[in-house]
Every structure is written in C-alpha cells, then in structure tokens.
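Heads up, the thing below is written out as structure tokens.
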Amino acid sequence: MRQSLGQLLRPATVGVLALVAMWAPCGSPAAAPAAPPAPEASSLAFDQRYHALQHGGIVRAANSSATCRTAQASSCADVQAGAQAVNGDFDMFYVDVDRDPNTYNSSRSEVRLPPGSQVTYARLYWGGNLRVGEQKPAEDNGRVLIAEPGGDYKELLADTVVGHDVADGADAFQASADVTGLVRDSGPGLYTVAQVNVAAGRSAAGAWGGWTLVVAYENPAEPLRHLSLWDGFAPLKSRTGPEVRLSGPALAADAEGQVGLVAYNGDRGTTGDSLTVTTGTPASTTMLADSANPAGDVLNSTISGPAGAVPSRVPAYANTLGYDSDVFTLGRGLLHAGDRVSFRLSSQQDAAWAGVLFTALDARR
C-alpha cells in the first residue's frame, strides 16, 4: 500500500495506465502557521489504499465546489436541476453555503451509517481545476477545511503525494488525507468541506471541482464483505484508464456489492466513457449503468447512488458540471464465486481525470 507522509489536523479559519492489485486480506480561531505544501506528481498509479474483510460496508459523502452563475445565465437553474450542459458553456463560480466570510467556497454532504456501525477507515479526497478565468496557486492544493456535524472548521493537510497535471487546457489536481479519527468520533451527519482550491471564470476547459469522503465501517448485522479502496491520479482522454483486479477464491457464490468512482471534468452528453466489470472464465465484460449514469456516459457530472440510500447534499445539484462521485449497485449474478474480478474506468473523448475507485463485495464465508 502507498506510504503516508503524515497528517496534520488542527483548528483554523482558513497511453495506457493500469493497475493490478492482488486481493490481500488485510466563530473562527486564528489560522495556524502555514505548513510546507505536499509533494506533487503529474500522475499517480492507482494503488490500494485500504482493504478489510469484515461485516460491514463502505459509504461516501460528496459534493461539488463550483457551479454556474445563476445571475448571468438564464439556463443555469435548468442545468442545476439536471438539464444537459457542460462547464465550458458557463461563467462558473463557487458553491458557498456556510455564510462564513472567511471562506470562498463550501458545500455539505451526509455520511449515512447504518445503526450499530463502527467506522474503521475514512479518507477525504478533494480536487479541481486551478486555471479558468483565474489561476489559483498550486501550493494551496493540499489544504482544505472540514467541519464535522455541528462542529467548527479544522484545517486538513494532504498526507500523501498530490496529483497535479497541466493538460487539455486545464490545471488539474487531486489531494487526500486520512480523517478516520474525526469521522469515528463524530459519527453520521452532514459534513462541510470548504476552501477547495478551484478557480472560477469561463474557459473552454471549464471550471470544476469537489470533494468525496469515503468511509468504511464494521457492522455485525451486515454480510461479510471485502472492502477495498484504491486511489491515484490518471488522465483519461483517449486512454485506457485505471484497472483494479481482485483475484482468488474470495467472493460468495451469490455475491452482490457496490463499486464507486471519483473523477474530474466528465461532460454530460460526451459519450465514450465507461466503468466496466470483467469476471468469469472465459472472461465476460459488462458495462455498468443505472438511472443516473447511462452506459457509455458514466462521467456525466453526477453525484449518484447507492440505490435506495442516496445521502443528502447541500446544495444538491443534479448536474455538477464536471464532478463525478458515483456508486453503482452490483446485482446478484453479475459476479461469480472464485473468479477473478476486475473493474476499469475509461474515457475516449472526455478530457477527464480518475481519482478514486472503491468496492464492497460479499465474501465467501
């Protein structure tokens, strides 16, 4: 697993890329002094961040940090409600819900845990485009503010290498940090994330960005599952995207589960992007889709799923204009016991970046 560079959490106002991951059990106070920025790399190979075999599952909270300006575009409200459009069509500005004059962007989303659950791991991912009508400084990529339900903002610094890539007219990044202690102590509810380093304005590349909080939990009332989280930073345009492979006789005969993704700058209506699952002998590949994510356009600016348990968001825009954080349900019969299973995210036309993949799959008892 990727080695951490350490975490700091304190009060403040302020080509082809593929991975083979073998299955392995396994108010506001004064700002603190600035810390040196985290190291950066233009791309990061996907690697397994976390794995557990336990009764429980994975949930996630997510929201976008930028949207269209309603005062300057008559169609903006329709787009926020779900109409088809792309971020490059609009003058974009920050989402800001906290009424705090010390923050310029903020949004909220719910961590929804089943009763009796114990958090075993939690990680916050954030990212976006630094160059639109304005250029944001890259040294701020590894810093955000997070507030637990009913709590005050705390400064959070990236604890691992930050992905940062200038390409296709964008200046894209993703950073992340371990927040297990915060989420374990605070429990379910609405979390607020502010000061994601995204730019506002208008350009062909468009403004986009957001955050996702991935939470693994243990719960004795739930099935035994393999819980796995991978992350990296991979450009996708005209490339075969990151693949994660699970191998070994690990799945139940009637296995069900979920798979989630986080990606940046996917445009609704630009087809050729997919999340596929390959399983069986001989291998059979299925393109995943649901009511929010058509087959061939999964990077369509949505924060969706899981089916029947969609977390609350503030705001809850149906078209996030360039930020995807989706959870797909894997029904019975799609996976096969004892077979190797792989998931792959790809894009042929969208100038997108992949950041996170995670799975929760029923295990063989």
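Rule-based calculations on the coordinates, nothing more; no lab input. Just so you know, these numbers come straight off a predicted model, no measurement behind them. Using ideal geometry, Cβ is built from the backbone for each residue, glycine included, and neighbour counts are taken over all protein chains shown.
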### Summary
Taking the dipole of the range 98-182 about the Cα centre (Lys, Arg +1; Asp, Glu -1; charges at Cβ), the one of 146, 135, 163 that reaches farthest to the positive side is 146
### Residues with amide H under 5 Å from that of residue 121, placed H, sequence gap 5 or more
216
### Message
Let me test this: with uniform point scatterers at the alpha carbons of the range 181-277, what is the Debye-based log₁₀ I(q)/I(0) at q = 0.15, 0.20, 0.25 1/Å?
### Response
-0.96, -1.31, -1.51
### Query
Using the reciprocal of the averaged 1/r over all distinct C-alpha pairs, how large is the Kirkwood radius of the chain in Å?
20.2 Å
### Query
Can you list residues whose amide H is under 5 Å from residue 82's amide H, if they're 5+ apart or on another chain and H is modeled 1.01 Å from N?
318, 319
## Note on the structure
Expressed in angstrom and rounded, the centroid-to-centroid distance over alpha carbons for the range 59-93 and the range 145-194 is 22 Å
#### Entry: Calculated diffusion of the range 115-210, Stokes-Einstein form, Kirkwood radius summed over Cα pairs, 4 °C and 1.567 mPa s, µm²/s
90 µm²/s
### Message
Output wanted: per-residue J couplings in Hz (rounded whole) for the range 172-177, from phi through Karplus 6.51 cos²θ - 1.76 cosθ + 1.60, θ = phi - 60°, x for Gly and Pro.
### Response
9, 8, 9, 10, 7, 7
### Task
Could you run the Karplus curve 6.51 cos²θ - 1.76 cosθ + 1.60 with θ = phi - 60° over the range 179-191 and give me ³J(HN,Hα) per residue in whole Hz, x for Gly and Pro?
10, 4, x, 4, 6, 4, 6, 8, x, x, x, 7, 9
### Residue-averaged [θ]222 nm for the chain, counting only DSSP H segments that reach four residues, each worth -39500 (n - 2.57)
-500 deg cm²/dmol
### Query
So, with +1 on the Cβ of K and R and -1 on the Cβ of D and E, and no other charges, what is the size of the charge dipole of the chain about its Cα centre, to the nearest 20 debye?
520 debye
#### Entry: Spatial extent of the range 224-365: Rg and Dmax, with the Cα atoms as the point set, Å
14.7, 45
### Message
With every atom except the alpha carbons ignored, what do you get for Rg and Dmax of the range 71-170, in angstroms?
### Response
16.8, 47
